[in-house]
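The values are calculated or read from the model by the stated rules, or taken from the named source; none is laboratory data. Remember, predicted model here, so these are calculated numbers, not experimental data. Cβ coordinates were reconstructed from backbone atoms using ideal geometry, including for glycine residues, and neighbour counts include every protein chain displayed. For the accessible areas, the whole protein counts, side chains as well, though only heavy atoms, and no ligand, DNA or RNA atoms are used. Shrake-Rupley method; radii C 1.70, N 1.55, O 1.52, S 1.80 Å.
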Amino acid sequence: MTVLFLATFFILLLLGTPIAFVLALTGLVGIYLSPGGSQILPVVPQEIFRSLNSFPLLTIPLFILAGSIMSETGIAKRLMDLAEGTVGRGKGGLGAATVASTMFFHGISGSSTADTAAIARVVLPSLKTQGYPVPFSTALLAAAGATATLVPPTIDLIIIGVIANISIAGLFAAGIIPAIINGLALIGMVIYLSRRSGYGIVVPPRSLREHLMSFVRAVPALFMILIILGGILGGAFTPTEASVVAVLYGLFISTFVYREFRIAHITPILRSTVLLTGVVMLVIAGSAVLSYALMINQLPQQLAETLRELTSDPLVFLLLVQVIFFFAGMMMDGLPALLVAMPILMPIARDLGIDPIHFGILVEANVALHLAMPPVGMCLNVACAVSRLPVERVIRPLLPFIGILVVTTLVITYVECFSVFLPRFLGLDK
């Protein structure tokens, strides 16, 4: 049965079937060929409904809507201007500013793909002007979007919390320090590669007035991050309520503060929100079918027993998790890998005494790698779509960024205090 699952999955994947349908069709084959399969098939719609009938999942379309509002009304440009004024001087400065602005924007949108698309449209012309090769710029945008996925409020952490029954607020708090580690490491790599290859120009220092003006223009957008994270971590509102606040605040500042919201923006905002939400929800629904098929065929229990037989050492188990996710990232996007693997791996992690919040964060760090991993990484494909380059032309300049993210993922995995310090300090680790 395991061979059948794998064969069906890879055949559909190689045929170019959308990943949501790959998951669902693989699951349907497994259900039909299981004992009593034809009688079980009517349960499939109930499983799909159960997977989507979750109140915390309401945060996904709302955070995507907030991000779309910010993307269409010039918020990304103001964040980029602030980042360029603070870390964007010298060789490689604009590359470093790209990473910083991407992380700032993810703190508003919660979606790495929307984040990558918004920043890429703003910064790619400037990177070209400063002499950054387009393949390098595209690789940088893909890696920056992937790196930012640990910045709360991220959609993946919401899904991890729902699947594994972990505090979403605790996961948001736990993601902050690892996100900073990822971001600083990527900035260091960008500056090193740019200075070695002579990318970028030395920008004349800005006057104090120019610094103050760029900061003042970005304050309303930065304040949104403080509202969302401060409200969730401080207990003022739940993540679901925070997503509503994000939408209302985004509409307010884009209409009355920046005064860039127009009636013409409504169509692209709603279109991007519906499309991205539909993709996420279809993948969740497809993974529910596959998860049900795996469950009735008892494959998760068999895999769990195999992993327990291989090792009872938590450190070795965590290394196996890295290997599983690394190779999975080459074949499927991070979200379906997350939905399939978490229900199997989380019980083993709990049995081995691994902190659930820490495990959720290290899995999300691996998902960040998936987003930039060729050929299916979503951030990589979005960046290539904006720059109009084929993925194969971006792979070589992308390798150093993948390498540094592998190193930071291992650091996040094996240094637990980076993940658990803030949740424990704020009392959100329950």
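Summary table
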item: Solvent-accessible area of His211 with every protein chain in place, 1.4 Å probe, in Å² to the nearest 10; result: 60 Å²
item: C-alpha long axis of helix 299-310 to longest principal axis of the chain, angle in °; result: 80 degrees
item: Cβ-placed point charges (K, R +1; D, E -1), dipole of the range 191-331 about Cα centre in debye, nearest 20; result: 840 debye
item: Extension gain, Thr255 back to Tyr192 (0.36 nm per residue minus Cα-Cα distance, nm); result: 18.6 nm
item: Positive-pole candidate from Pro390, Leu12, Leu79, dipole of the chain, charges at beta carbon; result: Leu79
item: Counted charge near Phe317, where neighbours are those whose Cβ lies closer than 14 Å (Asp, Glu -1; Lys, Arg +1); result: -4
item: Order of exposure, largest accessible area first, which applies to Asp115, Asp429 with probe 1.4 Å; result: Asp429, Asp115
item: Heavy atoms of Lys91 accessible to a 1.4 Å probe, total area in Å² rounded to 10; result: 80 Å²
item: Pairwise centroid distance, computed over Cα atoms, of the range 48-65 with the range 153-226, Å; result: 26 Å
item: Net length gained if the chain between Tyr414 and Thr306 were fully extended (0.36 nm per residue, minus Cα distance); result: 36.6 nm
item: Nearest-10 value in Å² for the accessible area of Met80, using the 1.4 Å probe; result: 10 Å²
item: Extended-chain gain in nm, criterion 0.36 nm per residue less alpha-carbon gap, Arg388 and Phe327; result: 19.3 nm
item: Exposure ranking of Phe49, Phe326, Phe215, Phe63 by accessible area [1.4 Å probe, largest first]; result: Phe49, Phe215, Phe326, Phe63
item: Dipole in debye (nearest 20) - the chain, about Cα centre, beta carbon charges: Lys, Arg +1; Asp, Glu -1; result: 1460 debye
item: Expected 222 nm ellipticity per residue - DSSP helices of 4 or more, -39500 (n - 2.57), all of the chain, to 500; result: -25500 deg cm²/dmol
item: Cys384, Cys417, ranked by accessible area, largest first (probe 1.4 Å); result: Cys417, Cys384
item: Charge dipole of the chain about the Cα centre (unit charges at C-beta), most positive-ward option of Leu141, Phe237, Asn297; result: Leu141
item: Cβ-derived FRET efficiency at R0 25 Å, Leu319 paired with Arg396, nearest 0.05; result: 0.35
item: The range 120-230: relative contact order as a whole-number percent, Cα under 8 Å and 6+ apart; result: 29 percent
item: Portion, in percent, of the accessible area of the range 251-366 that falls on carbon or sulfur, probe 1.4 Å; result: 70 percent
item: Accessible area per residue, Å², the range 183-316 with all protein chains present, probe 1.4 Å; result: 56 Å²
